[in-house]
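*Asks:* I'd like to ask some things about the structure below.
The values are calculated or read from the model by the stated rules, or taken from the named source; none is laboratory data. The structure displayed is predicted, hence computed values, not measured ones. All Cβ positions, glycine included, derive from the backbone under ideal geometry; neighbour counts span all protein chains shown. Only protein heavy atoms, including side chains, enter the accessible area calculation; ligands, DNA and RNA are left aside. Shrake-Rupley method; radii C 1.70, N 1.55, O 1.52, S 1.80 Å.
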Amino acid sequence: MNFAIRSVNTALAVVGASQAQVVQSSAVSGGGFQDAMLKALQQTSDLQKESGRLSREFSLDNPTVSLEETMVAGAKSSIAFQATLQVRNRFVQAYSEVMNMQI
């Protein structure tokens, strides 16, 4: 689980760094795919952090944290990570197709 959190944080850093380098035109400045992707990555990261926190609290026998709550948070985190991974895979596939096009 810790590896997954590091990968999402690394992806956030890469996307965030490239956002500073991109010059946006007036047509794109109203928001777009990059903003949606940054938001999705941040939400995935937040879900993973919350899942880790609940797991830790449950392991320490915190009476305010239930097993059900911990399991639901873990499932949400897993689904969000898998969705993010699938989007990344589609990006890589689209990039490969574009790079293999003959001009």
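*Asks:* Hey, among the residues in the stretch 46-72 that are open to solvent by less than 50 Å² (accessible area, probe 1.4 Å) and closer than 26 Å to Q34 by Cα, which one's farthest from the chain's Cα centre (by Cα)?
*Replies:* The qualifying residue farthest from the chain's Cα centre (by Cα) is S51.
*Asks:* Could you please give the count of residues in the stretch 12-54 that are under 15 Å from A83 (Cα atoms) and either at pLDDT 90 or above or assigned to a loop (DSSP other than H, G, I, E, B) (or both)?
*Replies:* 11
*Asks:* Then there is this: Can you tell me how many residues within the stretch 73-103 are open to solvent by less than 60 Å² (accessible area, probe 1.4 Å) and touching a Leu at 6+ places or on another chain (Cβ under 7 Å)?
*Replies:* So the answer is 4.
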